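Scroll down for the structure; my scribbles are underneath it.
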Amino acid sequence: MNIALIGYGKMGKAIEQIALQQGHHIVLKINSNNADQLDHLDKYAIDVAIEFTNPSSAKENVMRCLKKQIPVVCGTTGWKEHIGSVELATAQYNTAFLIASNFSIGVNLFFELNSYLANLMQNHTDYTIQIKETHHTEKKDAPSGTAISLAEQIIAQNESKKHWHLGATNDNTIIPIEAIRQDPAPGTHEITYSSSIDDISIKHTAHNRNGFALGAVLAAEFIQNKKGIFTMKDVLFKNNSLF
Ligand SMILES: NC(=O)c1ccc[n+]([C@@H]2O[C@H](COP(=O)([O-])OP(=O)(O)OC[C@H]3O[C@@H](n4cnc5c(N)ncnc54)[C@H](OP(=O)(O)O)[C@@H]3O)[C@@H](O)[C@H]2O)c1
């Protein structure tokens, strides 16, 4: 598979390593110095573009690929408000798009666990819920996209929770998310249900970026030659390639 890496920072480099190990070719590497090359993308030379840049450039980068009918796997977090328009463009240009707030297989299993626990806890209103995430200090968005996904999963299961909020709150209908920035920390997420009697916590800790990179390459392999909008659930659970 011929891959274009849009964003050749910490994640782009980790993805390159894994992709080469899997026998893929990196045919283009883009960072802010050569972003003008996105005007000349060739859909016959690129099977999938993998985009990991920053929240201010992600939409434009993804749109440029979709317009050339190049399928895109996107990991950039913090630009959720624009994703609807990107999904419309995916249909308009009859191509494929997959975005995930977290590509790690472990975190995607953790998402399933979070949903299951939220479902079990939905009627136990004596428990308060808190989400805590810890990331390295270069991370631009807070809370993390993963923490937001975890909160949204809980809200979908628990009628008494209406929103999430960055920081503490006294409003019991809101899930507070604490975002800690310290080095080194590839990413830790913890959900705690607390009552006066006991606490129940689930926690995922990434040890390095390889899990995200492997998941992004798996997603690229999955999306190649497909049309439509996909999620990591499609990659990990529906085609049964891993489980
Ligand atoms: N979904 C997941 O599983 C997951 C996992 C980890 C990280 N992330 C997210 O992925 C994103 C990237 O993380 P990272 O740690 O790799 O960041 P990073 O090390 O800062 O790398 C960002 C890269 O994007 C490039 N870039 C910046 N502006 C650009 C533009 N306008 N056009 C093209 N390239 C541009 C940078 O180039 P220069 O160096 O030249 O500026 C750099 O190569 C972040 O949003 C992060 O939160 C997601």
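What the table shows:
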{"quantity": "Ala45-Ile200 FRET efficiency (beta carbon distance; Förster radius 45 Å; 0.05 resolution)", "calculated": "0.30"}
{"quantity": "Charge dipole of the range 7-84 about the Cα centre (unit charges at C-beta), most positive-ward option of Ala14, Leu66, Val27", "calculated": "Ala14"}
{"quantity": "Rounded to 10°, Cα long-axis angle of helix 58-67 versus longest principal axis of the chain", "calculated": "40"}
{"quantity": "Check: the range 105-226 dipole with +1 on Lys, Arg Cβ and -1 on Asp, Glu Cβ, in debye", "calculated": "340"}
{"quantity": "Inter-site label distance for Met1 and Lys227 at 7 Å from Cα along Cβ, in nm", "calculated": "2.0"}
{"quantity": "Size of electric dipole in the chain: Cβ of Lys, Arg +1 and of Asp, Glu -1, about Cα centre, debye, nearest 20", "calculated": "600"}
{"quantity": "Integer Hz, Karplus 6.51/-1.76/1.60 couplings in order for the range 172-189, x for Gly and Pro", "calculated": "6, 8, 10, 8, x, 10, 9, 10, 9, 10, 8, 10, x, 7, x, x, 10, 10"}
{"quantity": "Phi to ³J(HN,Hα) by Karplus 6.51 cos²θ - 1.76 cosθ + 1.60 over the range 147-159, Hz, x for Gly, Pro", "calculated": "4, 5, 4, 4, 5, 5, 5, 5, 4, 5, 9, 10, 4"}
{"quantity": "Residue-level accessible surface for Trp164, protein heavy atoms, 1.4 Å, Å²", "calculated": "90"}
{"quantity": "Solvent-accessible area per residue for the chain (1.4 angstrom probe, square angstrom)", "calculated": "49"}
{"quantity": "Rounded accessible area of His40 (nearest 10 Å², 1.4 Å probe)", "calculated": "140"}
{"quantity": "Exposure of Asp126 as accessible area (Å², to 10), given a probe of 1.4 Å and all protein chains", "calculated": "100"}
{"quantity": "Extension gain, Leu109 back to Gln22 (0.36 nm per residue minus Cα-Cα distance, nm)", "calculated": "29.0 nm"}
{"quantity": "Inter-probe distance in nm under a simple model that places probes 7 Å from Cα toward Cβ, at Asn54 and Ser160", "calculated": "4.2"}
{"quantity": "Total charge dipole magnitude, the range 21-96, about the Cα centre, Cβ charges on Lys, Arg, Asp, Glu only, Debye to nearest 20", "calculated": "40"}
{"quantity": "Rounded percent of accessible protein surface that carbon and sulfur make up, the range 105-205, 1.4 Å probe", "calculated": "49"}
{"quantity": "Charge sum, other residues only, whose C-beta stays under 15 Å from Thr192's C-beta, Lys/Arg counted +1 and Asp/Glu -1", "calculated": "-3"}
{"quantity": "Among Trp164, Asn225, Ile180 - extreme Cα towards positive end, dipole of the chain, charges at beta-carbon", "calculated": "Asn225"}
{"quantity": "Probe 1.4 Å, all protein chains present, accessible-area order of Phe222, Phe97, largest first", "calculated": "Phe222, Phe97"}
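The values are calculated or read from the model by the stated rules, or taken from the named source; none is laboratory data. What you see is a predicted model, and the numbers here were worked out from it, not measured in a lab. As a convention, Cβ positions derive from the backbone with ideal geometry for all residues, glycine included, and neighbour counts pool all protein chains shown. Surface accessibility is based on the protein's heavy atoms, side chains included, excluding ligands, DNA and RNA. Shrake-Rupley method; radii C 1.70, N 1.55, O 1.52, S 1.80 Å.
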